[in-house]
Structures are given as structure tokens and as C-alpha cells.
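Here, each number is a calculation from the coordinates, and none is a lab measurement. All values derive from a computational prediction rather than experimental measurement. Glycine gets a Cβ as well: all are built from the backbone with ideal geometry, and neighbour counts include every protein chain shown.
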Protein chains: 2
Amino acid sequence: MKNIESLNKHTLGIIGLGLIGGSIAKSLRYKGFTSKIIGVEASEKHAAEALEAKLVDEITNINECVSRATIICIAIPVQATLTIAAEILNLISADKVVFDVGSTKSSLCSLIEVHQKGNQFVATHPMWGTEFSGPSAALHNAFEGRACVICNKEQVSVDALEIIENLYSVLGMHLLYMNAIEHDVHAAYVSHISHITSFALANTVLEKEKEENTIFELAAGGFESTVRLAKSNPAMWAPIFMQNRENVLDVLNEHIAQLKKFKACLEKENMDYLWELMEKANEIKRILK
Amino acid sequence: MKNIESLNKHTLGIIGLGLIGGSIAKSLRYKGFTSKIIGVEASEKHAAEALEAKLVDEITNINECVSRATIICIAIPVQATLTIAAEILNLISADKVVFDVGSTKSSLCSLIEVHQKGNQFVATHPMWGTEFSGPSAALHNAFEGRACVICNKEQVSVDALEIIENLYSVLGMHLLYMNAIEHDVHAAYVSHISHITSFALANTVLEKEKEENTIFELAAGGFESTVRLAKSNPAMWAPIFMQNRENVLDVLNEHIAQLKKFKACLEKENMDYLWELMEKANEIKRILK
């Protein structure tokens, strides 16, 4: 209770009112958590939608947002985050806290580490998302029950860390701590590769299956869930893949090798090995119920 | 109503009480559709579960099932279906109808086509399934609102076709008609390839990510939906892939080629082409809302 009361004094600034920034605004407002939310949004359409939906109380520019907000959230594509994070750290006074919510962490943490006000920046990755984008896709209970990763917490001041830990507790998230390099390896395995396979699967089927009505009618056969992520926004995902390219390439090579094993089984009509590969894949049941 | 009344006189025999056979039993019973359901099931465990859950009224052997049932459903793996279909056609009298529910149709239809009682056999593919298996996974509303494909209907007698069309209407399915060869091509694109990519993705991540707790904690990042099908039963899927191997190989080759395009983008840091590939994949939104 103490924590929520103290956070209620804060004015929240959110840079980027897409799915994640919008959902943070909506969820924190829903929890009755902050007195005022100021947004910064480059797209006029998204800015208007965010105001209309009362996600934010007002839209302003970065300078004004940074001067008035006490907690600043950066929720824009990861490449742009690098530039904006440095710009904001240069501007802020000592009583403010900045955090980001991006899906890659190594480059950002390297930048923060050498900035003189880097201990006011918390690098986080709340593990939630959908295939939809923009403020109209924002949900008020988006993060509930999910994990949030905080990277390189030893770089952050005790006060700044506590404020952001409290914010995520209020969102109903449980916290995991990792170093940024380790985070990016794991994110490549359990998130980034799924997006690549899904984009590639959509292109495969769009290439091969010219009868679109048939796709639609028959999609119940598993296609819909494996291809869901192919609806994701390139503006968000292209920079993630590029920034985490070494890890993504490593796991993508492994994935192509695994697909080639299935291919070899079919070419050689090797039923035993095919069965073995599938039984091995079934082990995922042990981990994901 | 006429149709349901006439079907109520039928005794239904189901060969194979797994997810699909069990769900057909459960759904038809739920709809108050048939007076008696007789099951045949090789697994003692599944047979006991099906009796316990009242999916069937009794368990018997194939000969007795075929002599007493008026409609016989074959719901076993597609390779075994070939043998059992021929066996049942050899046994049945002229007043009976047989149908199957398998995910491949060409080999089966070739077999039926040359059988003297082949016009009593309806080759169908109800487009529904989950990653779970066995009679305990059966649902009473499994097929509602989904499509069911009927193949090579010109091979079937008018009466037999009408009975099975009615049965699927009662299950709430809408019917599509295709020839078997065309069906197997489409099924490879919109169902079989999704299962292969999902199995291969599970093996990729199990190979690379040794920290299982991390997979579990971070899986919200899209992994869970793309890997869901990797929980599917090899006993069902290995014969499907093998029976439809030429079509599956064709689409698998295309899929590997599509993944290699993503790989090339990352290797060459070609952001423009990466973006283009993802925008193209986004077109799937046009087809799947």
C-alpha cells in the first residue's frame, strides 16, 4: 500500500503509445495507480486514438514530457530506443527514473552503462504481447500474471530500481533478473525465432496456396495458431531481429537443421526416425502444460 | 428433423476411440442423435476410459461392430485406415455405410474406387483437432461451425452420401467437396506443414535452450502458440506425413527456402528486404482475421 501511495505522487510519461505503451498507460490507470499520464507519439492517428481512449491525459513533445514526468517509459522500436534513451538521460534531473520495455537488451545496456546518469535507467522486458499493434489494441489487464525481466540491475540505483519493481508489481507481474547478454540469448530462443518461423510460414503458404478461400476454410487444421504471429508489426520486429541478429541467426540455423531432419525422414521414408523426432518434440509437454 | 429421425434408427459403430472418434461419439450423443454407439478400441486403457465416460455403450471387436452397426466410422491413424477400410468393405452388407475421418485422402480413395462395395464408403475430413489425444480429450461440441471436406463424392451412392452429409450437419459442420488429390495438396499447405514446423521448433528450442525454467517463464513471447502443435501424437501424425509425403516435401522445401530468405537478410543486414518479407507475411491478415 505504501508503494502505491508513493507512486501515486508520480506523473508518468510514456514515449510511444503503441500496443505496449498504450497497455501500460491503460493498465496503470485501471489500477488507480498514477495521478497523471503524459504521452509522446509521432503518429498523429495514434496520438488522437490514445487521447480519445483516455489512455493519456495529454500529448506533448519529448522535452516537455521529460521535464514534467517523474517516471518515463520508453515504448518504441528497439533501434529508436537507443537514440531516445541517450537523449532522455542527457535531459533528466536526478530525481527521475527512466525505463524501457523493448525485446532486446544488450545494445541498450552497453549504452546505459557508460552514461553518467545511467543509474537512473532500468532496462526491462515485460513478457507480454499480441499480434496487434497501436493504441486501439491496448488492454487494461495486459501484463497480469506474466514474467518481466529486469536486466543488469547492478547498474541501477536502489531507489530507481525499487520504483520500477513496484510499478511492475502493481501490473501483476513477477520479476526475473538476468544480465542483458543472457536475456538476448533466451529471447532469441523463446520469442524471436517463433516470430521468424511464423512470418516464413505465412509466406510459404501465400506462395504455394493460391486458393485463399481454401486457406480460410481449412485453417482450423493448426495453421491459424502457428501463423498468428505473422500478423505482427514489421516496425517493431525488424529492429529486434537486426539488433539480436547473432543470436537469432544461431537459433535460425538450428531450426533449419531440424527441419532438414524431417525432410530427410520423408525423402528416405524413414518412419522410425520420423517417429523419434516427434517423440522428442513431445517433450515440450513437460515444460509447457 | 426427418433426417435426425431417420438417423435415430441407426446404430453407430466407431473404430478407434481417440480424440476424433471419441469426440464424434460424444458430440452425436450430446445432440441426441443415435440410439446406440458401439466402439472398437485396441488400447485397453482407452477402451475403459471411453466406457467410463459413456462415450460408447459397449466395446466389441470389428466383426461384431460391423455386423451390428448401420453406420461405421473409422477414426484410426491413416496407414491403418487403409487395411481396416478394405476389411470392413469386404464384410458389410448393402444397407450399411462406412466413413473415415483421416487427414489424407488420395491413397484411401484409390483403394475405395476399385472395391466392389466402394460406393458405400464416404471419405471425409472434418477440419478440427487439438494437440491432445485419447478419449479423455474428447469434446461434445468439437466440430461445431467448422468445415468438413468430403472427397470424390461421385464414387459414393446417393443414399450413403446423404446419410453422412446429415450426420455432419447434425454436428454443426458445413461441407466442402473436393477430389482427393486436391484435398491432399491443400491439407499439406494449411495443416501438415504447420505441424512439421511446430515439431521442428520444439526440437530447436529443446536443443538450444537448456534452461527449461526459462522457457517456461518466458514462453509468453509467442513461443507457446507456435509450439502448441508439437504436443501432437506421433501415432497419428507420422502416418499422415508419410502418406502425404510428396506434397509435404514440396511445401517443406518452400518453407526452408522462405526461412533462408530471412537468414540472408540477417547475414547481410538487409533491413529493407527483411521489412518487405514481413510486410508480405502480414497479408495473411487479409485471409485470417
*Looking at the stretch B:180-256, which trypsin sites (Lys or Arg not before Pro) are DSSP coil and have at most 10 other C-beta atoms within 10 Å of their C-beta?*
B:LYS210
*Counting DSSP beta bridges in chain A, what percent are antiparallel, to the nearest 5?*
15 percent
*asked:* Going Cα to Cα from B:LYS285, which aspartates and glutamates come in below 13 Å? Please leave out same-chain ones fewer than 8 positions away.
replied: A:GLU131, A:GLU212, A:GLU224
*For the stretch A:184-287, what Kirkwood radius comes out of the mean inverse Cα-Cα distance, in Å?*
15.6 Å
*Could you work out how far apart the two model spin labels at B:LYS54 and A:LYS210 are, taking each label as a point 7 Å from the Cα in the direction of the beta carbon, and quote it in nm?*
5.3 nm
*Mean residue ellipticity at 222 nm from the helices of the protein assembly as shown, using -39,500 (n - 2.57) per DSSP H segment of n ≥ 4 over the full residue count, to the nearest 500 deg cm²/dmol?*
-16000 deg cm²/dmol
*Give me the lysines in straight-line cross-link reach of A:LYS280: C-alpha distance below 20 Å, same-chain residues under 8 apart excluded.*
A:LYS260, A:LYS261, A:LYS263, A:LYS268, A:LYS289, B:LYS208, B:LYS210, B:LYS231
_Spatially close lysines, pair count over the stretch A:2-178: Cα under 15 Å, gap of eight or more or interchain_ = 12
*Is the protein assembly as shown rounded, prolate or oblate when judged by the Cα gyration tensor, a ≥ b ≥ c being the square roots of its eigenvalues, rounded requiring a/c under 1.5 and prolate requiring a/b larger than b/c?*
prolate
*Would you tell me the mean number of C-beta atoms belonging to other protein chains that fall within 10 Å of each C-beta in B:98-105, as a whole number?*
0
*For the Cα atoms of chain A, what angle does the longest principal axis make with the long axis of helix A:19-30, in degrees from 0 to 90, nearest 10?*
50 degrees
_Rounded, prolate or oblate for the stretch A:2-178? Axes are the square roots of the Cα gyration tensor eigenvalues, ordered a ≥ b ≥ c, and the cut-off for rounded is a/c under 1.5._
rounded
*In debye, nearest 20: dipole of the stretch A:184-287 around its Cα centre with unit charges on the Cβ of K, R (+) and D, E (-)?*
180 debye
*What gaps in nm, shortest first, separate A:GLU279 from its twins in the other copies when you place the label 7 Å past Cα toward the beta carbon?*
4.8
*Percent relative contact order of chain B, based on C-alpha pairs within less than 8 angstrom and at least six residues apart?*
17 percent
*Starting from the stretch B:123-214, pick out the GluC sites (Glu not before Pro) whose DSSP state is loop and whose Cβ has at most 15 other Cβ atoms within 10 Å.*
B:GLU144, B:GLU211
*If you plug each phi of the stretch A:156-172 into the Karplus form 6.51 cos²θ - 1.76 cosθ + 1.60 with θ = phi - 60°, what whole-Hz ³J(HN,Hα) values come out, in order, with x for Gly and Pro?*
9, 5, 4, 5, 4, 4, 4, 4, 6, 4, 5, 4, 5, 4, 4, 6, x
*Between the stretch A:228-279 and the stretch A:27-56, what is the C-alpha centre distance in whole Å?*
38 Å
*Remind me, relative contact order of the stretch A:184-287 in percent, using alpha carbon pairs under 8 angstrom and six or more residues apart?*
34 percent
*Average beta carbon contacts from partner chains per residue of A:130-138, 10 Å cutoff*: 1
_Can you tell me the orientation of helix A:234-243 relative to chain A, as the angle in degrees between its alpha-carbon axis and the longest Cα principal axis, to the nearest 10?_
80 degrees
*Go ahead and run the numbers for FRET between A:GLU269 and A:LYS45, Cβ-Cβ distance against an R0 of 51 Å, rounding to 0.05.*
0.40
